[in-house]
Each structure stands twice: as C-alpha cells, then as structure tokens.
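Here is the structure we will look at, set down as structure tokens.
The values are calculated or read from the model by the stated rules, or taken from the named source; none is laboratory data. Just so it is clear, the model here is predicted, and its values are computed rather than measured. Here the Cβ positions follow ideal geometry from the backbone for every residue, glycine too, while neighbour counts run over all protein chains shown. These area figures cover heavy atoms from the full protein model, side chains too; ligands, DNA and RNA do not enter into them. Shrake-Rupley method; radii C 1.70, N 1.55, O 1.52, S 1.80 Å.
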Amino acid sequence: MNGILSEEKVTTQNGVKQGCPLSPLLFGVFIDMLHEHLIKSCPHIGVQLSDIYNLCGLFYADDVALLAQSHEDLQALLEALATFCHHTSMLVNVDKTKYMAFMPWRTHLTDFQQLHYKEFDVERVQDFNYLGMMLHPSTWMRNSGEAMANRARRALGGLIKRSRQIHIENLNIMSRLYESLVNSIAMYGSQVWGTKFLKCDTIEQVFNNPPQKLQLQFLRIVSGCHSHICRMSLLKEFKLEPMQIRIAMSCAKLWNNAWKFGGIAKETLISDISLFCKGYRKNWTAMFLDCMYYIGMITYEDWHSIKYRKPHDFQSLYFDENLIKIKFMDRYEQLWPTSLQGWMSNIRRSGAAFVKYHDWFYMPEVTQHMHFKANLSQHYMKCLIQFRLGSNCLAINDHNIPKDRRTCPFCIHTIEDEDHFIFHCPGYHKIRSCCNYAHLWDKGQDMKLFFNQENQASIANVLLNMYKLRRMRLQNLSINVFFSELIFLSGPSYCYPMSL
C-alpha cells in the first residue's frame, strides 16, 4: 500500500472493488452533486458565455476544470470544492492539481498570488494537458495541432519499428494501421484547433497543417520516394485526399452539432459568434466562416451581410460535409491544373511533375491502382511507385543538371524520360522482345494501359532489369554478360533464363 508491502491484512472499509460497475455510477452521482454545490455556493463566479449561461467548471469523468475570471473567484471555487469533498469523503489528488492564468499575448501576471486547496499550495504552470489538448496561457489551444503531431510522430516511429520486426510489407495493411494508430492521434481535437489551417490560397497552405506533414512523411517512408516528388501526386498514388478536407469537415460537424444538440457547445459557439460580430477576426468563428466563404459555401451577399446578424441568426447556416469536400476538390483543381500552361513560372517544375503523373499514370475512375491490388513484395511495390512518381534513376529526374543534358545513355541526344525509357529506347529492345515480357507491350505505347495490366510483378521485373542494364551501360560493362544471367520473373524464389 502506497509503495510499501504491508505485513498485515488490509481491511477495506469504504469504496468498491476494482472494476466494479457500481464505481462509475456512484461517481457520476457524486460529481453531479459537486456541480450543483458549486453553483449554489458561488452563483456569480465563472466565465460568462451568455446573458443567462455562466460556466464555473468543466466535468469529464474524474477530471474537473474550475473556471473563474479572477484569483479571488478561483480561490472561492477551491474552498467550495474542499467543503464538498469534506462532506462526501472524496479526495482530490493535489499533486496533479494545477492552475493556469490565461492572458493576452505578451502580457505578464504582475500581482501573482498563491492559490491554496485546504493547507496545500496549488502549483501554477505555463502549459497544461487537459483531456489530451495542450493549453497555453496566451495562445490557448492554437498550438495543440503541433503538440498532437509530435505525439503521433512517436506513434509512427513505433509503428514502423514494430512492422519491421514482424515483417509487415503490405502497403494496404500499413496504411490501415497508420490510419488507426497514428492519424487518429494527429487529428485529435482538429475541430477546435484546425481552423487556422483551412486557408487554401497556395499550395503551401494546403500542405502546411501538422497531420498532413506527418502523413506525407509516412507515405515517403513506406514508398521509398525522395522528398522532392510532387506531394499531390504522392497522395493521388495512394488514392488519398489532403488532410485539410478532413479538418474542414470536422469543423463543420462541430458547427452543425452545436446548433442541433444545444447545451454548452451551443452557448460557447454563440459567445464566439458574438466576438465575430463585434469585428474580431482571429477567433474560431471568423476563421471557419472565412474558409466557408472562400470555397463557395457562403454566397457573396450572405458574407457581406453576415456581420450585421445577431448571433442566434447564424443557426440558419448549415454546412453539408460532403459538399465541403467537393468544394475543396474544385479548389485543388485550380491549384493543380492538368495542363502545364495553367502553372505559374515559379512552380513550373512541380507542375510538370504533376501533369506528367496525371497524364501517364493516374487513373481517376478506379478506387485503387492495379499494383495495390496485386500481392507484390515490398521491393516490387516500391519499384513501381517510385517509377510512377518520378523518384527513379532516369536522367529526366536529375535536377542537378540542365534539362537539355538529361539524355539517354544509349541514345546520347535524346532526353531520357519515362516514355522513352519504356517504349522507344533501342538499348532495351531485347528486353521488350523477350518471350517472357513481349506480351506487356501488346496494348501499344500507352503508359496508362501499360502500367495497369494484370501482371504487375512482370512489370516490376522488367523495370528492375532495365535499371540493371542502364547501370551497366553507364559503367561501361559488357551488356552481353547481362543477357546471359538469370532473370527473376515472379519473385525471389523463382528464376528463369531469358529467352531471346
């Protein structure tokens, strides 16, 4: 007991057994009594949400947060809590009890006074983790997104380490594990802190939110792609959408449910809307409604008349989550045009990579690309993904040299891009005419048709052999040696001599 092994039997005179279903029921009864006691003992203390709603505390399971607007009021709430616990024989964990003084940015608390619970001092902290959300005295919950991403990043490290230990190589399984074990942490509370990440004027704003950065890091790890590939192409390869859409949908769900179910969520939202109507443009409502107007969920006439409404009149605004997704996708189509003429000169390189991926590899009509459906080894899967996304060894993707010098090692004066590599280069003619591979080119010189055939293992095998032949050419080795070696067809356990 209390870290010491007792020598005698311990007699339990109160409480219930561990895990007893009566425990949460009794606690719920007592915690409701605490709320009533605080209201009766301190009727005018708390945070004024509206003319009729005064909030003196937040209660969730066995966590209690007392709210007051001054040091004296908070001390009065602590004394009321001590009185209640004395009469009900309840205990407060003083070591875990902290208090925080919220104040405007770059201001300091000059008249600091110590708070007390009974005879104990309550520690003052500069940040506090309440129900998983990181609170700060001046930034409130604005940095919670970064804090959640840091926790999710540790979970990602554990996922990668464990998957390697038990040899999980299937990318579909890895993606589902990431969604349940990592992304659920990164997105926690996004309906509260996510409004500052809803701007989509530029490409960087789309990818600037913490969950999105973490997701891209995960996709690069499992695919083996370098960090310079087009980020939108990487998402489309895995048939994913930017996390910004999910953040916006979670914010819209919070807005709709607050009006639908009422309670403290509705009163808090009305209080926040009141600040917006007074001209404040940095709060949750202002940033959320600004996003809804920008993507077209609020009309021009409504937007310019909205600030003259009363807070309760905002209840008429309902935001359909599926329509929000469609509006964001329309906006992304403007940021990522499928023709190079639509790209600005300063981001033309990224635009060229996206246009090439969209024209040659992307299949919008399918829910999953063919190589994700095939049961391929991790080595084959990475080979296909890297080739499709431009994270390969071809000269066209070497941005350290001028574009006119990115030539094929066999053709000298021809630019070595994916189309030339697969269909036209005479240096790989023997591989294309090999009886084991010749059927892959039966559908002509169409990149989409070529990479969406059934036998994905053969396509990956062709790429690996062509890579090897290219390396030998660059190293001035005898190519005849290459054609005399064994060529792997369907996996590391089977090999066949190439028939020419």
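For segment 117-164, state which GluC sites (Glu not before Pro) are in a DSSP loop and have at most 12 other beta carbons lying within 10 Å of their beta carbon.
On the way: sites: Glu119, Glu123, Glu146; in loops: Glu119.
Passing sites in segment 117-164 are Glu119.
To the nearest 0.05, what FRET efficiency results for Arg164 and Glu241 with a Förster distance of 22 Å applied to their C-beta separation?
Details: r = 28 Å, r/R0 = 1.27.
So the FRET efficiency works out to roughly 0.20.
In nanometres, what is the gap between the two model label sites at Asp419 and Ala101, each 7 Å from Cα along Cα-to-Cβ?
Inter-label distance under the simple model: 6.8 nm.
Suppose every Lys and Arg Cβ carries +1 and every Asp and Glu Cβ carries -1, with no other charges. What dipole size does segment 1-121 come out with about its Cα centre, to the nearest 20 debye? Kindly include the intermediate steps, with their values, before the conclusion.
Numbers: 7 positive and 14 negative charges, 48 e Å.
Here segment 1-121 has a charge dipole of around 240 debye.
Can you compute the helix-only [θ] at 222 nm over the chain? Use -39500 (n - 2.57) per DSSP H run of at least 4 residues, normalise by all residues, nearest 500 deg cm²/dmol.
For the chain, the value works out to -13500 deg cm²/dmol.
With unit charges on the beta carbons (Lys and Arg positive, Asp and Glu negative) and the dipole taken about the Cα centre of segment 47-197, which residue among Asn172, Thr88, Asn143 sits farthest to the positive side?
Positive-most Cα among the choices belongs to Asn172.
Could you please report the charge total around Glu179, scoring K, R as +1 and D, E as -1 over all other residues with beta-carbon less than 14 angstrom from its beta-carbon? Let's see the in-between values first.
Values: positive: Arg176, Lys239, Arg246; negative: Glu241.
Surrounding charge for Glu179 is +2.
If you average the C-alpha positions of segment 272-330 and of segment 26-80 separately, how far apart do those two centres end up, in angstrom?
Going from one Cα centre to the other spans 32 Å.
Which of rounded, prolate or oblate describes segment 56-146 when judged by the alpha-carbon gyration tensor and an a/c cut-off of 1.5? Mind dumping the intermediate values first?
Values: a/c = 2.23, a/b = 1.42, b/c = 1.57.
Judged from the Cα gyration tensor, segment 56-146 comes out oblate (a/c at least 1.5, b/c at or above a/b).
Please compute the net charge surrounding Ile306, taking Lys and Arg as +1 and Asp and Glu as -1 over other residues with Cβ under 15 Å from its Cβ. Don't jump to the answer; show the numbers that get you there.
On the way: positive: Lys278, Arg281, Lys307, Arg309, Lys310; negative: Asp272, Asp290, Glu301, Asp302, Asp313.
Around Ile306, the charge tally is 0.
Would you kindly find the accessible area of Thr407, with a 1.4 Å probe and non-protein molecules such as ligands, DNA and RNA excluded, rounding to the nearest 10 Å²?
40
If we sort 251-259, 47-55 on the protection proxy, mean other Cβ atoms within 10 Å, highest first, what's the order?
On the way: 251-259: 18.7, 47-55: 13.2.
Per-residue Cβ counts within 10 Å, averaged per peptide and sorted highest first, yield 251-259, 47-55.
For segment 373-456, what is the charge dipole size about the Cα centre, in debye to the nearest 20, if Lys and Arg each add +1 at the Cβ and Asp and Glu each add -1 at the Cβ? Can you show the working numbers first?
Values: 10 positive and 9 negative charges, 32 e Å.
I would put it at about 160 debye.
What shape does the chain take by its C-alpha gyration tensor, where a ≥ b ≥ c are the square roots of the eigenvalues and a/c under 1.5 counts as rounded, a/b above b/c as prolate, and the rest as oblate? Provide the component values of the computation, followed by the final result.
Working: a/c = 3.12, a/b = 1.96, b/c = 1.59.
Judged from the Cα gyration tensor, the chain comes out prolate (a/c at least 1.5, a/b above b/c).
Take the alpha carbon gyration tensor of segment 291-428, find the square roots of its eigenvalues, order them as a ≥ b ≥ c, and report rounded if a/c is under 1.5; if not, report prolate when a/b exceeds b/c, else oblate. Write out the running numbers ahead of the final one.
Numbers: a/c = 4.29, a/b = 2.22, b/c = 1.93.
Prolate.
Find the accessible area per residue for segment 380-449; the probe is 1.4 Å, ligands and nucleic acids are left out, and the unit is Å². Please report the intermediate quantities before stating the final value.
Working: 3230 Å² over 70 residues.
Per residue, segment 380-449 has an accessible area of 46 Å².
Ignoring ligands, DNA and RNA, how do Met381, Met297 rank by accessible area with a 1.4 Å probe, largest first?
Numbers: Met381 15, Met297 35 Å².
Correct descending sequence by accessible area is Met297, Met381.
Keeping all protein chains in place, calculate the accessible area per residue for segment 149-199 (probe 1.4 angstrom), answer in Å².
Details: 2710 Å² over 51 residues.
About 53 Å² of surface per residue is accessible.
Below 8 Å, C-alpha to C-alpha, sequence gap of six or more: please give me the relative contact order for the chain in percent. Could the numbers behind the result be given before it?
On the way: 507 pairs, mean separation 45.7, N = 500.
It rounds to 9 percent for the chain.
How large is the dipole of the chain about the Cα centre if only Lys and Arg carry +1 and Asp and Glu carry -1, each at its Cβ, rounded to the nearest 20 debye? Don't jump to the answer; show the numbers that get you there.
Working: 53 positive and 45 negative charges, 370 e Å.
Dipole magnitude for the chain comes out near 1780 debye.
I'd like to know which of Pro104, Ala76, Tyr117 lies farthest towards the positive end of the charge dipole of segment 41-128, counting +1 on Cβ of Lys and Arg and -1 on Cβ of Asp and Glu.
Pro104
Kindly report, to the nearest 10 Å², the accessible surface of Lys196 as traced by a 1.4 Å probe over protein heavy atoms only.
Around 80 Å² of this residue is reachable by solvent.
Label-point separation (nm) for Asn257 and Gln445, each offset 7 Å from Cα along Cα-to-Cβ?
So the two model labels end up 5.6 nm from each other.
Rank by packing, highest mean first: peptides 420-430, 275-285, 313-323, 157-167, with packing defined as the count of other Cβ atoms within 10 Å averaged across residues. Could you put the intermediate results ahead of the total?
Working: 420-430: 16.7, 275-285: 15.0, 313-323: 13.5, 157-167: 11.8.
In decreasing order of mean packing, 420-430, 275-285, 313-323, 157-167 become 420-430, 275-285, 313-323, 157-167.
Determine the share of segment 154-215's accessible area contributed by carbon and sulfur atoms, expressed in whole percent, with a 1.4 angstrom probe. Provide the component values of the computation, followed by the final result.
On the way: 1640 of 3020 Å².
C and S atoms contribute 54 percent here.
Between their Cα atoms, which of Lys260/Lys282; Lys253/Lys327; Lys40/Lys266; Lys356/Lys468; Lys266/Lys307 are more than 21 Å away from each other? List each step's numbers first, then the result.
Working: Lys260/Lys282 25 Å; Lys253/Lys327 16 Å; Lys40/Lys266 23 Å; Lys356/Lys468 24 Å; Lys266/Lys307 19 Å.
Pairs exceeding the cut-off: Lys260/Lys282; Lys40/Lys266; Lys356/Lys468.
Can you compute the modelled spin-label distance between Lys278 and Leu25, with each label point 7 Å from Cα toward Cβ, in nm?
Using points 7 Å along Cα→Cβ, the separation is 4.6 nm.
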